[in-house]
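Data block below; observations after.
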Amino acid sequence: MPSNLCRFAGCTLTGALSVTTHVRDAITVVHGPQGCTHHNFSLLHATSLDNDRLTLPPLVSTGLSETDVIFGGEGALERTLDEVIARNPRAVFVLSTCVVDTIGDDVGMVCGSRTGVPVIVVPTAGFLGGSFQAGVNNALNALAGLAEPTGGNGRVNIIGEKNLEYEVDENFAEVSRLLALLDLPVNIRFVHDLATDRIASLGAARLNVLRDPSLIPVGEFLRERFGTPFVPAYPVGISGSIGFLDAVAGACGIDSCHAVDSERALQQETINDFADLAGAGVSFAPLPPDPEGNRAAQDIAQALRLDVTSSGRPVPVPVTPPIGITGVRRLLHRWRRVLHA
């Protein structure tokens, strides 16, 4: 159904590109037919414009021809890498397509022969059951190879932001606000609008905060590589922030009481600010497919004493649930406009 479509569904290649194209001084090479690159370039460019980012994705295609598919495309990859490396990028990421895995090109061998600049292979051929999220996870794990274990700096990494969601920066600001209540500054956003040399500090953080539980394999990989514990998800809705503060504080071995008291006061202030909605009849139809989003909407309605019935006025529920109390406030402003229209 159109109502169930999500910006985070798609092929493995697209998921990986949503990560690698956010390393701003690197170039991503898509090893495959031109169509794979053209389609994803158009998608990423349009999404960036939607999010007010006037940037072009740094993509290059090896442009495999029918002859390359029949006789092998390693020569095309070699030529493309030579051209790309001549531009002096800080890193090159090579993403394979389904065609390349089908014909059996040894991408690792070709990339391993290059020197002078890191050439990182990201497995992205998804024709054997890969997914968008698999591409994201594979890219994050591959890019982590640019960092080595190092001394701690007491900061927190943000891992795996959904770069295609409309509220990516707003959600980051909310998580940063909550971390600041615990006197924990952000180290790096891995990966969102990041310079290659900043990735070297990935292992210095005391904690990794994952965007959502689908990134737990990445969290486990980073914990094994760097010894960094992780919190599995951003806080969702009204109830999520307190649990998030407690989880972060517990992982870092610090006291959360002052931060929790401050957040509870802000939550009560929000409820008071929207008290004019109390008693209104609302409905959530159609509901998004995400059960977490459904629960968040129900929790918000309960906190504001809204009457949820099938005959109530339909109010919007986002595909991705609101992050923290700031996300709740944005959603409630939309509900207020509907209910007072």
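A few points about this structure:
- For the stretch 61-88, the set of residues classified as surrounded by fewer than 20 Cβ atoms within 10 Å (Cβ to Cβ), touching a helix residue (DSSP H, G or I) at 6+ places or on another chain (Cβ under 7 Å) and β-branched (Val, Ile, Thr) consists of 69 only.
- Residue match in the stretch 305-319 (condition: over 20 Å from residue 168 (Cα atoms) and in a helix (DSSP H, G or I)): no
- Residues of the stretch 238-289 satisfying the condition of being open to solvent by less than 50 Å² (accessible area, probe 1.4 Å), of a type in the set (Ser, Thr, Tyr) and under 23 Å from residue 214 (Cβ atoms): 241
- Enumeration of residues in the stretch 100-132 that are open to solvent by 50 Å² or more (accessible area, probe 1.4 Å) and either modelled with pLDDT under 85 or assigned to a helix (DSSP H, G or I) (or both): 101, 102, 103, 109, 112, 127, 128, 129
- Residue 93 open to solvent by 60 Å² or more (accessible area, probe 1.4 Å) and of a type in the set (Phe, Trp, Tyr): no
- Residues of the stretch 193-245 classified as among the small types (Gly, Ala, Ser) and in a loop (DSSP other than H, G, I, E, B), total: 4
- Any hit, the stretch 180-192, residues being in contact (Cβ under 8 Å) with a residue 60 or more places away in the chain, farther than 19 Å from residue 298 by Cα and in a helix (DSSP H, G or I): yes
- Qualifying residue in the stretch 290-300 (condition: in a loop (DSSP other than H, G, I, E, B) and open to solvent by 10 Å² or more (accessible area, probe 1.4 Å)): yes
- Taking the stretch 203-220 as the range and being touching a Lys or Arg at 6+ places or on another chain (Cβ under 9 Å) and open to solvent by less than 30 Å² (accessible area, probe 1.4 Å) as the test, the residues that pass are 203, 204, 205, 207, 208, 211, 212.
- Selection status of residue 305, over 19 Å from residue 209 (Cβ atoms), modelled with pLDDT of 90 or more and touching an Asp or Glu at 6+ places or on another chain (Cβ under 8 Å): no
- In the stretch 325-341, residue most open to solvent (accessible area, probe 1.4 Å) [restricted to those that are of a type in the set (D, E, K, R) and touching a residue at least 40 places away in the same chain (Cβ under 8 Å)]: 330
- Top-ranked residue in the stretch 141-165 [being surrounded by 19 or more Cβ atoms within 10 Å (Cβ to Cβ) and of a type in the set (S, T, N, Q); ranked as modelled with the highest pLDDT]: 157
- Subset of the stretch 39-79 that is acidic (Asp, Glu) and in a helix (DSSP H, G or I) - its residue that is modelled with the highest pLDDT: 78
- Scanning the stretch 89-99 for residues that are under 29 Å from residue 195 (Cα atoms) and either modelled with pLDDT of 95 or more or among the aliphatic types (A, V, I, L, M) (or both) gives 89, 90, 91, 92, 93, 94, 95.
- Consider the stretch 166-199 and keep the residues that are within 20 Å of residue 258 (Cβ to Cβ) and small (Gly, Ala, Ser). The one that is least open to solvent (accessible area, probe 1.4 Å) is 176.
The values are calculated or read from the model by the stated rules, or taken from the named source; none is laboratory data. Here the structure is a predicted model, which means the values were calculated and not measured. Using ideal geometry, Cβ is built from the backbone for each residue, glycine included, and neighbour counts are taken over all protein chains shown. Remember, those area values only see protein heavy atoms, side chains included, never the ligands or the DNA or RNA. Shrake-Rupley method; radii C 1.70, N 1.55, O 1.52, S 1.80 Å.
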